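Just below is one structure, and these are the notes that go with it.
The values are calculated or read from the model by the stated rules, or taken from the named source; none is laboratory data. These numbers come from a predicted model, not from an experiment. Cβ: placed from backbone, ideal geometry, glycine included. Neighbour counts: every protein chain shown. Calculation scope for accessible area: heavy atoms of the full protein, side chains included, ligands and nucleic acids excluded. Shrake-Rupley method; radii C 1.70, N 1.55, O 1.52, S 1.80 Å.
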Number of protein chains: 2
Amino acid sequence: MSMMIEKNDIHKGLKNIYVTESRICLIDHKKGKIYYFGYDLDVLAEKSSFEEVLYLLLYGRLPSKREFNIFIDKIKSSMRLEEELRNLIQLIPKDVELMEGVRTVISYLGNLNGNGLDMTDKAIRDRAIDLVAKMPSIIAYLYRNRVGEDFLEPREDLSLAGNLLYLLTGNEYDVRDVKGLDMSLILYAEHGMNASTFAATVVASTGSDYYSSIVAGIGALRGPLHGYANTAALEQFIEIGGPENVEKWFEENIASRKRRLMGFGHRLYRIHDPRAKHYKRWLEENMNRFDTESRRVVETAFKLYEVAMNSFLAEKNIYPNCDYWSAQMYYALKLPKEVYTPIFAMSRISGWTAHIMEYIKENVLIRPRAYYIGERDKEFIPLEERE
Amino acid sequence: MSMMIEKNDIHKGLKNIYVTESRICLIDHKKGKIYYFGYDLDVLAEKSSFEEVLYLLLYGRLPSKREFNIFIDKIKSSMRLEEELRNLIQLIPKDVELMEGVRTVISYLGNLNGNGLDMTDKAIRDRAIDLVAKMPSIIAYLYRNRVGEDFLEPREDLSLAGNLLYLLTGNEYDVRDVKGLDMSLILYAEHGMNASTFAATVVASTGSDYYSSIVAGIGALRGPLHGYANTAALEQFIEIGGPENVEKWFEENIASRKRRLMGFGHRLYRIHDPRAKHYKRWLEENMNRFDTESRRVVETAFKLYEVAMNSFLAEKNIYPNCDYWSAQMYYALKLPKEVYTPIFAMSRISGWTAHIMEYIKENVLIRPRAYYIGERDKEFIPLEERE
């Protein structure tokens, strides 16, 4: 190790280091556009469905009508949780952070499904379909176990977004609400080589099984610097309490640089997050249907956005990311904040799976280096002779 | 994305990319030396114990006698598995690959222990001690559940290595056997920024909880390209069947380039793996105590080593790695091959933990890039209009 390296040869965070080529997601930071397998995400968000985007990410192309019908049948036949999974969920302590519960449930689902090292495209697709189909129940049951409510059965007449809403709350939702959550699942499905996708890819690069990779993705998304931005944003709106408090709160907390504004900024964007506008439009179009409580939170967030855009943040090109907006949608849909990140995970499993499948086709074990700066040749004094 | 990058700007596998500075492990590839926090691994393997090396990796220094006694007491008080963990283990299907079972058990242990996001040094150390102390029982119970044998209780009069042997087999072992396995745990404990350590670090970099990181490490070590080398090597010795078959088998399978020789080669070494000699010496010193079956396997491996060292492999500087030798030791210790990788995991948890603690102190979210080579601007035709 006599070779010296320069400080800037250490790529902490791997910023702007390309780890692979990929055909999955194009993020055009200058124009503010995202594409999944070549399709404009703005168009997918409006005209597609989460189920169709899941197909796109698993197969690399859109389905024919016939293929889509078969795909939907597969989803519907996988939605129910077998007895073993229900039993496991009831063993998980009620106060556990939901993402940590999701991690255990998915790991155990892998145990039940067996034959881990079959990593053919077909096996991976089958497992991904089965897993995503089960996620509404997994999330809802973990939440209901926590609050002591009975599990509901998934409904074949509802989409995955519809089942999420139904299984969590037991309520019927307006078609515009289901469409809103469906759009959110589309928008969260894929976003290049982010930290959770990378964690899943590192694990897959060892030749490991599908569930080990997904569980690594869950673990990474569970981190406050990654998948928790929407929950953190919501908590800040609640703390502010109302649009009338925004200016004072911003002055005291953000303008003073005492705290970071949650839901603002993204490593990749120095412009508006291309996904944000879809949420904003949905919130504006549906505001008149929200109850007083939801409207107050959304109005607080809109006012905070306005104040922030007239502050040093805009000068520094720090804009709200999509989590800032999704938090408002989820709140307006009466979803408990505990499920925000698990819903993100349910959507992102599709992107993780696409990257796993792509990476292992031309696999190279991911094994970087750490540059040693520690002590050398320390003398070992046996325990008996040590002070 | 109009910027073009060169093909060699894509660091597939992150070969020779430094992701961080580290004070934990120096691997001197030229001299064939490894150091943990500055201490020569050759000395640690001979004069230390796995428990002491665990302390070293968690605290960055060796303990005083008093500190070590307190540490050992902590380990002893954590060894037994609570009822919930035993119940969970019995829910895991018997035919599941043991590492996938370990993954679920550790994830669930995290659920039981709660308070995930406390990532202070003290919290992480306490969890690591608790987890490593429980690993002999976790591994043994998963294995015994598989083969339908009753669980045994960990013994306070035995070290962690001693408990591993006892809980798995129920037998009493010679002190030289316990010392051999203890040495193996020391040798496997840490090895720089390998794939599983990196997976754990990527997850930790999001601010996630300790168990999410460890579970990612388990998932990566489960991969055949990483932690399975010892099992694969053993399977090859068994396949060969005896030292008298080695030359013919080598000619047909390896010299002909039909197959890869398992347990040979390492991305970092073009010399003998510095850990190998310790295993080789133990095998030579204890050979006369092995039963006929074990001796045949070890003699096969020694003959295979001799043949390989006179082949194109030596010319290409491809030497046996430590897994080639540990497989023989574990076989001679009558350990079932299903537990080889889990034992590796038990040891390496100490290294993962050291890297997690170190990395998050000056944390930068690990978020690389993928270079887009896919299609652009594809026209979206709505499903109803699609063929």
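Among the protein heavy atoms of region B:262-342, carbon and sulfur supply 48% of the accessible surface, probe 1.4 Å, non-protein parts ignored. Once both labels are positioned 7 Å from their Cα atoms along Cα-to-Cβ, the gap between residue A:90 and residue A:285 label points is 4.3 nm. Summary for residue B:238: label point 7 Å along Cα→Cβ; distances to the equivalent points in the other copies, ascending, 5.4 nm. When all protein chains stay in place and ligands, DNA and RNA are ignored, the 1.4 Å accessible-area order of A:177, A:118, largest first, is A:118, A:177. Considering only A:223, A:25, A:131, and ranking their Cα positions along the charge dipole of chain A that arises from unit charges at the beta-carbon of Lys, Arg, Asp and Glu, the one farthest toward the positive end is A:25. For residue A:47 and residue A:362, the FRET efficiency from 1/(1 + (r/R0)^6), where r spans their Cβ atoms and R0 equals 30 Å, is about 0.35. Computed from the C-beta positions of residue A:381 and residue A:117 and an R0 of 35 Å, the FRET efficiency is 0.15 to the nearest 0.05. Residues A:239, A:156, A:100, ordered by accessible area of protein heavy atoms at a 1.4 angstrom probe radius and largest first, appear as A:156, A:239, A:100.
Think of each Lys and Arg Cβ as +1 and each Asp and Glu Cβ as -1; about the Cα centre, that makes the dipole of chain A roughly 960 debye.
When chain A is treated as a GNM with alpha-carbon contacts under 10 Å, the residue of A:41, A:109, A:313 showing the greatest mean-square fluctuation is A:313.
Tell me, what is the FRET efficiency for residue B:150 and residue B:130 to the nearest 0.05, using R0 = 22 angstrom and their Cβ-Cβ distance as r? FRET efficiency, residue B:150 to residue B:130: 0.35.
Which value in deg cm²/dmol, rounded to the nearest 500, describes the helix-derived mean residue ellipticity at 222 nm for chain B, given -39,500 (n - 2.57) per DSSP H run of n ≥ 4 and division by the residue count?
On the way: 17 runs with 211 residues, N = 387.
Rounded to the nearest 500, the figure is -17000 deg cm²/dmol.
In the assembly of identical copies, residue B:114 has its label point, taken 7 Å from Cα in the direction of the beta carbon, separated from the corresponding points by 3.7 nm (ascending, one decimal). Buried between B and A is an accessible area of approximately 10100 Å², summed over both sides with a 1.4 Å probe.
Of all chain A residues, the closest to the A-onto-B rotation axis by Cβ, with that distance in whole Å, is A:216, 2.
The orientation-averaged shadow of the Cα convex hull for the protein assembly as shown, equal to a quarter of the hull surface, comes to 34.2 nm². Residue separation of residue B:247 and residue B:64 scaled by 0.36 nm, minus their Cα-Cα distance, works out to 60.7 nm of gained length.
Percent of C-alpha pairs per 10 Å bin in chain A, short distances first: 5, 22, 31, 24, 12, 5, 2, 0.
Per residue of peptide B:37-43, the mean number of Cβ atoms on other chains within 10 Å of the residue Cβ is 4.
Residue ranking by accessible heavy-atom surface, 1.4 Å probe, largest first, among B:71, B:151 comes out as B:151, B:71. Near residue B:221, once Lys and Arg are set to +1 and Asp and Glu to -1 for all other residues with Cβ below 11 Å from its Cβ, the sum equals +3. Summing charges over neighbours of residue A:150, with a neighbour being any other residue whose Cβ is under 14 Å away from its Cβ, gives +1 when K and R count +1 and D and E count -1.
Count Lys and Arg as plus one, Asp and Glu as minus one, and take only other residues whose Cβ is under 11 Å from that of residue A:74; the net charge is then -3.
Mean sequence separation of contacting Cα pairs (under 8 Å, at least six apart), scaled by the length of chain B, corresponds to a relative contact order of 22 percent. Plainly put, region B:301-387 has a radius of gyration that is 1.29 times its Kirkwood radius, both from alpha-carbon atoms, as the Rg/Rh ratio. With the convex hull constructed from alpha-carbon coordinates only, region A:229-332 shows a mean projected area of 5.9 nm² over all directions. Between residue A:83 and residue B:316, the simple spin-label model (points 7 angstrom out along Cα→Cβ) gives 5.3 nm. For the protein assembly as shown, the share of DSSP beta bridges that are antiparallel, to the nearest 5, is 55%. The equivalent ellipsoid that matches the C-alpha gyration tensor of region A:50-101 spans semi-axes of 32, 14, 6 angstrom, in descending order. Sorted from nearest, the other copies put their residue B:382 label points 8.3 nm away, the label point being 7 Å from Cα in the direction of Cβ. Partner shielding of B:79-90 amounts to 1, given as the average count of beta-carbon atoms from other chains within 10 Å of each residue beta-carbon. Normalised per residue, the accessible area of chain A is 37 Å², obtained with a 1.4 Å probe and no contribution from ligands, DNA or RNA. Across peptide A:21-29, the mean count of Cβ atoms from other chains lying within 10 Å of each residue's own Cβ comes to 5.
Using a probe of 1.4 Å on the protein chains alone, the accessible area found for residue B:361 is around 120 Å². In this rough spin-label picture, where each label sits 7 Å from Cα along the Cβ direction, the residue A:8-residue B:373 distance is 2.8 nm. Kindly report, to the nearest 10 Å², the accessible surface of residue B:226 as traced by a 1.4 Å probe over protein heavy atoms only. Accessible area, nearest 10 Å²: 30 Å².
Rolling a 1.4 Å probe over the protein chains gives residue B:178 an accessible area of about 30 Å².
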